[in-house]
Amino acid sequence: TTKERKYLGQVYTPQAIVKHMVTKGISEEDILYNPYFKIIDPACGGGYFLIEAYDRIKEIISKNYEQIINNHPNIKDELAKGVHQFILKNNLWGVDIDKFAVYMTTLSLLIKEPSKTRIPNIFQGDILLETKTLDCKINSKFQLVIGNPPYIGHKKIDKEYRKKLQNKYQDVYSNKSDLSYCFIKKGYDLLENRGRLIYITSRYFQESQSAIGLRSFIKDKFNIETIVDFYGSKVFKGARISPTIISCKKEELKQQKIHIYRLKDGVKVNKDNLDINDKTFFNVFTLSQSSLANDGWVLLASEEKNLFNKINEKGQYKLIDICVCNQGIITGCDKAFIVDKKTIEKEQLEQEIIKPWIKNSNIHKYKKDSVSKYILYTDIIKDLSDYPKVISHISPYKERLSKRRECIKGVRKWYQLQWGRELKLFEKPKIIFPFKSKNNKFIIDYDKVLCSADVYILNVKEEYTNIISLEYLLAFLNSSLFEFYFKCVAKKVGEKLYEYYPNKLMNLKIRIGSDTSEIINRVKSINEYYKKLNNISCNREEILMKIKREITYINEYFYKLYDIRSEEIVTIENRIFNVKEIGDKEMNKD
């Protein structure tokens, strides 16, 4: 069932991707040189990679039968018994923890020639830990390790099992790592020298904090040949992860170039006809393996990398040094605490406790939607009898709220917000932005709105308020230059979606011009123009054009401040998604 597959971390790899990986892993020369070319899928699932490998090897042997016999006379008698028998005996191995998966793979290989009785080398077991049981069955090193290892996060792995993994795979696996990391180390152990590993796995390992050890291991132990980065595109049916195909060889390290194929922004991969060399879909470039940093792999073409470095070097202050970033409020139960105006009036809820509320979807570049929701900020309650109507409203949720971890521990009272932050955080002007977005959407809130946990709050530290204003900071954050700069290192979580997580954002730098007054005034003008749009009788088209002109001025200001040349502007505008629209769709929203 789908539920069982998710529990086991199983997803079905599209056939075009299976074919691409197998073709890359098994060349005609491989089989001509060594007909006993050994392949293993250590988490074989339904056997798709092994079935494709069977077809590939059979085609190569059939096409070059006489040449193989001439090159390897000792193989003649064995091949005479049948190519099918030979492949099942000598070329293919598979292991899976799931009994049904082993059965299906075995059956799929047997029915290739039903009249033959050779049982394939497919075994049930946990290849990561059951070494004694499986080693005697596998009992060899392999020229190719291939597959789609299961993706299972630490929260879904039994605590005792995690301890065993940490003990055996300590160089790649930490307490918060994904199970798939261990399969890369296991793949290395299964390979003979100069053997190749080809996995399709979650792209998350390229940037995750929990994968520092894994990135270091891959970089130090393998020569990486290619990385196909689907860059946020979901290619597995029913799975939320975006994958990467990594191909690397177990051999003495060389100063070699890695061939990178990065899916272009907004492009949907054709799962039925994958052609990674098609430059209408993929950005194709190379980079040096030595340029991959253990703290995160940034896969950029040389012109992007050089431009990123230029912007970074011209920055004067890290955002983390001059700003404070906070997450919005976690209510613990939105149904209990979030209300609309109709509910407030109908139930006559006490006004003192009611605060304006917005979520990430209410935030656009330079503008937010009109407030239509409100939060019952119950953290200020000292005496329940002071707010009988509010307490009456949330009482139906008392049982559910009381079961929250913080309430059980006695840290929160049942009627309080799960994580309400300090009210003063929201009561001064602040920059707010959504946690996930397709492009930069930063606004200054002057209206003391409270926001949900999918929104982050940015404020300039007191000691830097004389150096940089919120308005100047906002202009920089919304500029095309900063969007390019950020997206070079940002985590891509969808075909058009980026994660604006503080650990990436706050480590970027800002340059402050000698005179910021003009930029500050432009930002204030944009704010005023958006207010005018609320007037029904306004000339919308004229106001939108004025907003566009201000945004264009701001973009050009930062290009000039950073000495960005015309060809570099082209690189920036090719890299960021929908930059030429300059927020047209957002500007047309009221």
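The values are calculated or read from the model by the stated rules, or taken from the named source; none is laboratory data. Worth saying up front: this structure is predicted, and the values here are computed from it rather than measured. Don't worry about glycine lacking a Cβ; one is built from the backbone with ideal geometry, like all the others, and counts go over all protein chains shown. Heads up: the accessible areas ignore ligands, DNA and RNA and are worked out on the full protein's heavy atoms, side chains in. Shrake-Rupley method; radii C 1.70, N 1.55, O 1.52, S 1.80 Å.
Given the conditions (1) surrounded by fewer than 18 Cβ atoms within 10 Å (Cβ to Cβ); (2) not in a helix (DSSP H, G or I), and given that N70 satisfies all but one, which numbered condition is not satisfied? Result: N70 fails condition (2) only. Highlighted here are the strands (runs of 3 or more DSSP E) found entirely within region 336-399 that include at least 1 residues which are in contact with an Asp or Glu (Cβ under 9 Å, 6 or more places away or on another chain) and of a type in the set (D, E, K, R): 373-376.
Condition first: part of a loop (DSSP other than H, G, I, E, B), surrounded by 14 or more Cβ atoms within 10 Å (Cβ to Cβ) and modelled with pLDDT under 95. Can you find one or more residues in region 311-324 that meet it?
Within region 311-324, none of the residues are part of a loop (DSSP other than H, G, I, E, B), surrounded by 14 or more Cβ atoms within 10 Å (Cβ to Cβ) and modelled with pLDDT under 95.
Looking across region 553-576 at every residue that is of a type in the set (A, V, I, L, M, F, W, C) and closer than 26 Å to T280 by Cα, the one that is modelled with the lowest pLDDT is identified as I576. For D171, the criteria (1) within 21 Å of Q85 (Cα to Cα); (2) at pLDDT 90 or above hold in every case but one, which is (1). Looking across S115, S174, S108, S140, one residue alone is out of contact with any His (no Cβ under 8 Å at 6 or more places or on another chain) and part of a helix (DSSP H, G or I). It is S108.
Only residues that are part of a loop (DSSP other than H, G, I, E, B), open to solvent by 10 Å² or more (accessible area, probe 1.4 Å) and touching a strand residue (DSSP E or B) at 6+ places or on another chain (Cβ under 9 Å) were counted across region 47-66, and they come to 0.
Just one of the numbered conditions (1) touching a residue at least 12 places away in the same chain (Cβ under 8 Å); (2) over 26 Å from D30 (Cα atoms) is not true of K163: (1).
For F486, the test of being open to solvent by less than 60 Å² (accessible area, probe 1.4 Å), aromatic (F, W, Y), closer than 21 Å to I330 by Cα and at pLDDT 95 or above is failed. Among the residues of region 188-233, what is the count of those that are in contact with a Ser or Thr (Cβ under 6 Å, 6 or more places away or on another chain) and open to solvent by 10 Å² or more (accessible area, probe 1.4 Å)? Looking only at that region, the number is 4.
For region 515-530, which residues satisfy the criterion of being open to solvent by less than 70 Å² (accessible area, probe 1.4 Å) and in a helix (DSSP H, G or I)?
Here is the first cut: in region 515-530, the residues open to solvent by less than 70 Å² (accessible area, probe 1.4 Å) are 516-517, 519-520, 522-523, 525-527, 529-530.
Selection gives S517, I519, I520, R522, V523, S525, I526, N527, Y529, Y530.
Take the residues of region 447-461 that are in a loop (DSSP other than H, G, I, E, B) and touching a helix residue (DSSP H, G or I) at 6+ places or on another chain (Cβ under 8 Å): which is surrounded by the fewest Cβ atoms within 10 Å (Cβ to Cβ)? The residue in question is K461. Which is touching a helix residue (DSSP H, G or I) at 6+ places or on another chain (Cβ under 9 Å) and surrounded by fewer than 16 Cβ atoms within 10 Å (Cβ to Cβ), of N167, N175? Only one candidate qualifies: N175.
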